[in-house]
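Working notes, structure below.
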Amino acid sequence: MVRDYNNRHALEQKLRSAPVAPAADHLMVGHWRTMALVLARADREEAVRRAIASQPDLSMRFAAPGEWLVVSEVEAPSGLVRRLEELCDGGAYVVDQSDGRVVFRITGPNVRSILAKGIGLDLHPATFTLGGSANVLCGHVPVNLARTDEDTFELIVPRSYAESLFDDLMRMGLAFDLTAAFSD
Amino acid sequence: MASLITCPHCGVRPKEEFAIRGDASRGRPEPMDSDEAWHDYVYVRANPRGRTQEHWHHVAGCRRFLVVERDTATHEVYSVVDAAEFALRATR
């Protein structure tokens, strides 16, 4: 039997309506973002960290000691995996996560008040510094939270949690008139 | 229960992010030890009042096992170390 599979984004149903004009606080979902999980071998953590950190276009998100989620804006999934394997030179396991996770980017002046409704982490600019990242719970959903700009945070969730987290975020942002749309 | 745990990898985190596995102070019996020893290890639980050492799994964070030393009566947390570090110290 032949089956056709459609490549469908996890939030296609939720964000199907015509794009709304972004308000001050806005939630953006990229259609396809490339990312991979890198798990360094024992005693190779520092070498792997330095190799990836030397690449300005790769963003490293802390996942665990010796483990990072590497996000790229420019690479295609297969290209990113190949490049990371070359960079780490056998010192790490690289697993493509591009289809398995969804990236939410939330930005605006009230972003900390919105996130504080679901995340038990101190998000003050002096504590959660620019470029910082952490695995946290948002409600009951495990997310990887990163601060990518002054008032911009990125949440990376497993694909199957995306709809649930989307509903949670919209409810958290209701008081601030949070809007949402695909960014591309 | 202690509501804030200072994870050595992630910093101060709420207890909701963790799963508690139980007593960290007793070692696993040898494979050929008596049935009584294994029965005790698997089924018999102490319910101590006061200072205890427990395995906590940081499920929603770094996913590492930690050893939390805390007081079951006052909820005070004395120390939190990675379980690998804890085992290393025990063998020294």
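The values are calculated or read from the model by the stated rules, or taken from the named source; none is laboratory data. As the structure is a computational prediction, the values presented were derived from the model and not from experiment. Cβ coordinates were reconstructed from backbone atoms using ideal geometry, including for glycine residues, and neighbour counts include every protein chain displayed. Protein only, heavy atoms only, side chains kept; ligands, DNA and RNA dropped before computing areas. Shrake-Rupley method; radii C 1.70, N 1.55, O 1.52, S 1.80 Å.
Some observations on this one:
- Residue tally, condition farther than 21 Å from B:T74 by Cβ and hydroxyl-bearing (S, T, Y), over the stretch B:3-42: 2
- Checking B:T91 against (1) over 29 Å from A:H140 (Cβ atoms); (2) within 14 Å of chain A (Cβ to nearest Cβ), the condition it does not meet: (2)
- Verdict on A:R171 being under 30 Å from A:R41 (Cα atoms) and either away from every other protein chain (no Cβ under 14 Å) or not β-branched (V, I, T) (or both): no
- Count of residues meeting criterion [closer than 18 Å to A:A64 by Cα, of a type outside the set (A, V, I, L, M), over 12 Å from the mean Cα position of the chain (by Cα) and more than 13 Å from chain B (Cβ to nearest Cβ)] in the stretch A:88-141: 5
- Members of the stretch A:78-102 found to be in contact with a strand residue (DSSP E or B) (Cβ under 7 Å, 6 or more places away or on another chain) and either under 30 Å from B:S3 (Cα atoms) or open to solvent by 50 Å² or more (accessible area, probe 1.4 Å) (or both), listed by number: A:E85, A:Y93, A:V95, A:D96, A:R101
- Count of the stretch A:26-58 residues, restricted to those that are under 18 Å from the mean Cα position of the chain (by Cα) and open to solvent by less than 80 Å² (accessible area, probe 1.4 Å), is 17.
- Checking each residue in the stretch B:47-77 for being open to solvent by 80 Å² or more (accessible area, probe 1.4 Å) and not β-branched (V, I, T) picks out B:N47, B:R49, B:R51, B:R63, B:R64, B:F65, B:H75, B:E76.
- All positions within the stretch B:1-35 that are within 16 Å of the chain's Cα centre (by Cα), polar (S, T, N, Q) and either exposed (fewer than 13 other Cβ atoms within 10 Å of the Cβ) or away from chain A (no Cβ under 14 Å) (or both): B:S3, B:S25
- Exclusive hit being more than 14 Å from chain A (Cβ to nearest Cβ) and closer than 18 Å to A:G120 by Cβ, set B:W56, B:W38: B:W56
- Qualifying residue in the stretch A:68-76 (condition: touching a residue at least 24 places away in the same chain (Cβ under 8 Å), open to solvent by less than 60 Å² (accessible area, probe 1.4 Å) and within 14 Å of chain B (Cβ to nearest Cβ)): yes
- Failed criterion for B:T52 (all others in (1) part of a strand (DSSP E or B); (2) closer than 30 Å to A:V143 by Cβ hold): (2)
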